[in-house]
Structure formats: C-alpha cells, structure tokens
Amino acid sequence: MVMMDGSGTMVLVVGPSGAGKDTLLDGARTALAGDPRFAVVRRCITRPAGAGGEAHEALHERDFAAREIEGAFALSWRANGLGYGLPRAAIAPILERGGCAIANASRGAVDEARAVFGSLRVVLVTATPDILARRLAGRGRETAADIAARLVRGGAFDTSGCDVVIRNDGAPAVAIAAFVSALKGFLVPPCAPPPPGECGAGR
C-alpha cells in the first residue's frame, strides 16, 4: 500500500447492505453541488454496469486485478464475491488541495485505509434488520440466499472506531441532512479551489 499525500480528508461511508449508503451519497452530491471542497468518488467494481445500484465503472476481473497490481487504486477490497476499488487518480487532486473525498466502502477495508490516508473519517450508516431485509429484497439484485448472507455479514463487524453513526430508518431527508452536516464538520478550515474545469461534489 502507498500512503496518499495531501492535507485533505478521506471520508469512508460504511454500513450493512441495505442501509441506504447510496441514498446518502446521492443526497450529499446534490446538496454539495458546486462546493469545490467536496467530491464523491466513483468506484470501480467487478459488476456489470447494468446490474443496478450506484453508477460505477464496471471492470472485468482480470482488468481489476491488473489495476491493483499497477497501484491504480488508493484502496481496494473484496466483498460479496466482487472486487471494489477507489481510483487513486480521482482522489489525489482532492486531497492535495485540502478537500474532502467521499466514498462508499467496506468496514473490512477501514484498517488498511487508516494506513493509506493521513486524515480519515468513517461514517457508519445503519438501519434495523427488518428494514435492511426489505430494502435488499426490493432492489432485486440478490437471491434470498444472498440476502441472508449479506444480513449475516452485516452483523459480523465491530462498529467501534466510527466517527459518526447515522441511523437511516426514517425519512431519507433527515439522514441526508445529518450526513451533509457531518461532512461539513470534517472540513472546518477552507481548502484551495480546484483548477479550472475540475468538478466538485458532482463528479
């Protein structure tokens, strides 16, 4: 692993499948649009682009493995039979100008992330088990066995060490507002503006 330079903050959004992490990330992207201090990072995943869920860069397993070897990912991990990676090229300019890079991640990758990012914050998004099960069933991507396995995995991680915990089992707007407030709190000092043509929260 290679330490990332820069005075900015990396924010990892973690939590069990069905907790609504993508909902919070989409809400933050909209709320912070035009604010150059914040950018939501697009993940690379070994999942077809049309499989539903977040807008990600779909990679074949061999291409994902090649990028890992090349060091193209600031952080990568495996979960639920898939490979996930956060592109170094997308994160580096944000951290170098003192901004806040935000990404959906796995709790199992947090320990490695602490060795990669000089300033790391972890936001745990959670909900009650019945709501998690209902959301997983509703998105139609997993079989009943897959849902059961995800729910088991969701309860298997130690949630200590998280900087903020957001319970997302009510109105989405309430959880999004709490998330955006937490993000702003992570970046109290102003950061340098991005170079011309580079996007902020909407990238």
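Condition (residue is closer than 21 Å to VAL164 by Cβ and part of a strand (DSSP E or B)) applied to the range 46-69: is it met by at least one residue?
Initial filter on the range 46-69 (closer than 21 Å to VAL164 by Cβ): 54.
When the remaining residues are screened for being part of a strand (DSSP E or B), the result is none.
Scanning the range 46-69 turns up no residue that is closer than 21 Å to VAL164 by Cβ and part of a strand (DSSP E or B).
A residue that is surrounded by 18 or more Cβ atoms within 10 Å (Cβ to Cβ), over 21 Å from ASP35 (Cα atoms) and in contact with an Asp or Glu (Cβ under 9 Å, 6 or more places away or on another chain) cannot be found anywhere in the range 54-73.
May I ask you to say which residue of ARG88, ARG135, ARG62, ARG107 is more than 22 Å from THR46 (Cβ to Cβ) and of a type in the set (D, E, K, R)? Before you say what the answer is, go through the steps one by one.
Values: ARG88 fails: more than 22 Å from THR46 (Cβ to Cβ); ARG62 fails: more than 22 Å from THR46 (Cβ to Cβ); ARG107 fails: more than 22 Å from THR46 (Cβ to Cβ).
Criteria check complete, one pass: ARG135.
Scanning the range 86-99 for any residue that is surrounded by 22 or more Cβ atoms within 10 Å (Cβ to Cβ) and without any contact (Cβ under 8 Å) to a residue 60 or more places away in the chain turns up at least one such residue.
Annotation: of all residues in the range 1-21 being in a loop (DSSP other than H, G, I, E, B) and aliphatic (A, V, I, L, M), the one that is modelled with the highest pLDDT is ALA19. The residues of the range 34-85 that are closer than 19 Å to LEU12 by Cα, of a type in the set (Gly, Ala, Ser) and out of contact with any Cys (no Cβ under 6 Å at 6 or more places or on another chain), listed by number, are ALA39, GLY53, ALA55, ALA72, ALA74, SER76, ALA79, GLY83.
Could you grab me the full set of residues in the range 62-96 that are of a type in the set (Phe, Trp, Tyr) and within 16 Å of the chain's Cα centre (by Cα)? If you could, list the steps in order and put the result at the bottom.
Keep residues of the range 62-96 that are of a type in the set (Phe, Trp, Tyr), which gives 64, 73, 77, 84.
Matches in the range 62-96: PHE73, TRP77, TYR84.
Helices (runs of 4 or more DSSP H) wholly in the range 124-203 with at least 2 residues that are at pLDDT below 90, surrounded by 12 or more Cβ atoms within 10 Å (Cβ to Cβ) and under 19 Å from the mean Cα position of the chain (by Cα) - which ones?
Ranges flagged: 129-139, 144-154.
Inside the range 75-113, residues that are farther than 24 Å from GLY20 by Cα and not in a loop (DSSP other than H, G, I, E, B) make up a count of 7. Restricting attention to the range 22-45, the residues that are under 19 Å from PHE73 (Cβ atoms) and in a helix (DSSP H, G or I) add up to 1.
Among the criteria (1) without any contact (Cβ under 8 Å) to a residue 40 or more places away in the chain; (2) in contact with a strand residue (DSSP E or B) (Cβ under 9 Å, 6 or more places away or on another chain); (3) more than 29 Å from ALA171 (Cβ to Cβ), the one HIS60 does not fulfil is (2). Annotation: GLY27 fulfils all but one of (1) buried (at least 21 other Cβ atoms within 10 Å of the Cβ); (2) small (Gly, Ala, Ser); (3) farther than 21 Å from ALA109 by Cα; the unmet one is (1). Selection of the range 82-100 for residues being of a type in the set (A, V, I, L, M), modelled with pLDDT of 95 or more and under 17 Å from GLU57 (Cα atoms) yields LEU86, ALA89, ALA90, ILE91.
The values are calculated or read from the model by the stated rules, or taken from the named source; none is laboratory data. Small disclaimer: the values here were computed from a predicted structure and weren't measured. Virtual Cβ from ideal backbone geometry, glycine too; neighbours counted across all protein chains shown.
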